[in-house]
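The values are calculated or read from the model by the stated rules, or taken from the named source; none is laboratory data. Because the structure is predicted, anything quoted here is derived from the model rather than measured. Here the Cβ positions follow ideal geometry from the backbone for every residue, glycine too, while neighbour counts run over all protein chains shown. Each accessible area value is taken on the protein alone, full model and side chains, heavy atoms only, with ligands, DNA and RNA left out. Shrake-Rupley method; radii C 1.70, N 1.55, O 1.52, S 1.80 Å.
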Amino acid sequence: MAIHSPIEQFLVNSMSGSFFSVAGQNVGFSNFALACVVIFVLGVMFITLPMRGQAIIPGRWQVLTEKLVGFIDDMVVNVAGSKARPFLPFIFSVFFFILLGNLLGLVPGAYTVTSQLVANLFLSVSVIAVVLIAGFARHGFHFFHLFVPSGVPLFLVPVIAPIEVVSFFIRPFSLALRLFANMLAGHILLKVFAGMTAAVATSGWMASVGILPLLLNVAIVGFEVFVAFLQAYIFTILSSVYLRDAFEMH
């Protein structure tokens, strides 16, 4: 029986020929791009289809959609304040993209978009860019006071300010790495235990205990579903915390 590396599932493979080249790199349609398209289509369907025929007594799908939007709305308002409500569509889009990306990766044969550091980094940099734009739009150059905590003696400002600047711009990397590490580790664990289950089930007398690793694999899948929701929530709530800086300057 061939043994496949658990890392193979994270490889980006081209599904078409090269469309064009950028800086010597061929650009085509890959399994990563396909997963992104599927996430986008599922996300649009999830939001638009239940709302097409809004009824006085909503159906289950419409209730689920409204509850999910309401949950993110409450989180944004509670964490970042009511002034951050105009950013709800952006925060919800980030949350839903990560959630669908995490869950899609649990489907056999599907690609896990959030296992790619560059994808997570794009999302986190987008969050920080929105924070900066909102901060400067609201406070102008006074927004630079964010990097000088109140009460800091004047002679310590040249030391504290660079530290605060570095700390601020490390945020997108910490956001991206947290999501990347959890998705990578979880899917490697799933692949290893799935391989072990298949090996035990075809190993003669040991096949009689094959149900045990199978049950463990099912438990791990259930845990990964929980992690999929948890990591989307953590990414979103931290994004809301950072967005609060744009309004409250602390």
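Scoring V12 on the criteria (1) assigned to a helix (DSSP H, G or I); (2) at pLDDT 80 or above; (3) open to solvent by 30 Å² or more (accessible area, probe 1.4 Å) leaves a single failure, condition (1). When the range 143-167 is limited to residues that are in contact (Cβ under 8 Å) with a residue 60 or more places away in the chain and part of a helix (DSSP H, G or I), the one that is surrounded by the fewest Cβ atoms within 10 Å (Cβ to Cβ) turns out to be H145. Remark: pairs (first residue in the range 218-241, open to solvent by 40 Å² or more (accessible area, probe 1.4 Å); second residue among the polar types (S, T, N, Q); Cβ separation under 8 Å; 6+ apart in sequence or on different chains) = F229/N102. Look through the range 91-127, keep the residues that are surrounded by fewer than 18 Cβ atoms within 10 Å (Cβ to Cβ) and among the β-branched types (V, I, T), and return whichever of them is modelled with the highest pLDDT. Top of the filtered list is V125.
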